[in-house]
Amino acid sequence: MKHPLSLAALLLCGSLSTLVQPALAEPSGDQVLSTQSSSRAAPAESSAPARDGAKDRVLSTAPAQSDSARAVARVFEQRFPGIQVDAVRVTPMNGIFEVQVGMDLLYTDAQVDYVLQGSMIDAQARRDLTAERLEALQQVAFDSLPLDHAIKQVKGTGARKVAVFEDPNCGYCKQLHRTLEDVDNVTVYTFLFPILSPDSTTRSRDIWCAADPAKAWKAWMLNGQDPAKAECDTPIQTNLVLGRKLNVQGTPALFFADGTRVNGALPLEALKQKLDAQG
């Protein structure tokens with residue numbers, strides 16, 4: 001679901017009161033379902049990470065930027081105060097630069113006299129270069145995830161792996177777990193990501209602090225069995241920050257071992273295909 005305001009509209013009105021939330025690419029041909037916070041804002045329990053901290057920025061893996069790219073970034077930020085440019089790259093189109101703002105892409109000339117938002121298409125090769133770039137930006141090295149902050153469930157050999165950001169009150173997350181009942185030889189890492197209601201935070205805490213978090217999580221997600229009230233230190237706030245850093249906008253958000261992601265609950269066959277493709 002796209003945010004009702006485009007980044008281009010925000011640039012025109014000069015307002016940053018609502019940060020654009022980009023639509024994330026989904027695999028074609030399969031229906032994926034996710035639940036999003038009604039406000040689409042950061043949960044009240046934790047403030048958003050500072051955008052000026054290098055460790056909190058979503059950065060490209062591209063080589064160091066050229067002098068011309070750095071100049072474009074500098075002029076862009078001068079023309080649009082409050083907008084922080086994460087990266088600038090040259091494009092195949094002569095004189096046009098790609099500007100990355102968070103997880104959004106814009107295009108501009110060297111003088112930043114004109115700014116475009118939309119897809120850049122390679123007409124000869126019939127390739128959507130913008131979609132390819134966005135897909136690359138969304139990839140996450142699986143080994144970089146702090147898996148000790150997730151609830152671990154192992155089925156069969158556990159050879160295949162998937163990490164999922166989930167809210168305990170997310171209906172599509174529950175649907176995903178019903179689907180997983182028919183999937184074998186998989187390890188599921190659940191990052192508790194309560195964004196839907198205050199009750200989500202309380203229930204996440206009780207599940208994490210249970211004597212057997214995996215058992216408590218499964219009992220709730222599959223059978224609606226409330227966890228007993230419990231108190232302990234949790235990684236929930238850390239998970240919220242991590243989710244925002246990874247641009248998780250709704251639940252469930254699935255991260256696979258090959259670095260790809262899917263935003264939403266996949267049907268059984270599509271999920272099996274994704275796991276089988278992990279090698």
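Couple of notes before you dig in:
- Taking the numbered list (1) of a type in the set (Lys, Arg); (2) surrounded by fewer than 22 Cβ atoms within 10 Å (Cβ to Cβ); (3) within 24 Å of residue 267 (Cβ to Cβ) in turn, residue 205 passes all entries but (3).
- Any hit, region 225-236, residues being surrounded by 18 or more Cβ atoms within 10 Å (Cβ to Cβ), among the polar types (S, T, N, Q) and touching a residue at least 12 places away in the same chain (Cβ under 8 Å): yes
- With respect to (1) within 14 Å of the chain's Cα centre (by Cα); (2) surrounded by 20 or more Cβ atoms within 10 Å (Cβ to Cβ), the lone exception for residue 266 is condition (1).
- All positions within region 153-167 that are outside any strand (DSSP E or B) and under 15 Å from residue 243 (Cα atoms): 167
- Residue in region 159-180 that is assigned by TED's automatic domain parsing to the domain that holds residue 272, surrounded by 15 or more Cβ atoms within 10 Å (Cβ to Cβ) and on the phi > 0 side of the Ramachandran plot present: no
- In summary, residue 199 fulfils each of the numbered conditions (1) among the acidic types (Asp, Glu); (2) in contact with a helix residue (DSSP H, G or I) (Cβ under 9 Å, 6 or more places away or on another chain); (3) assigned to a helix (DSSP H, G or I) with the single exception of condition (2).
- A Cβ distance below 6 Å, combined with a sequence gap of six or more or placement on separate chains, defines the contacts here; from region 182-195, residues that are in a strand (DSSP E or B) reach residues that are polar (S, T, N, Q) in the pairs 188/153; 191/239; 192/204; 192/239.
- Tabulated pairs, region 198-220, first free of Cβ contacts under 8 Å to residues at least 60 places away in the same chain, second of a type in the set (Ser, Thr, Tyr), C-beta under 7 angstrom, 6+ apart or interchain: 205/234; 208/234; 209/234
The values are calculated or read from the model by the stated rules, or taken from the named source; none is laboratory data. Note that the structure is predicted; figures quoted are calculated from it, not measured. Using ideal geometry, Cβ is built from the backbone for each residue, glycine included, and neighbour counts are taken over all protein chains shown.
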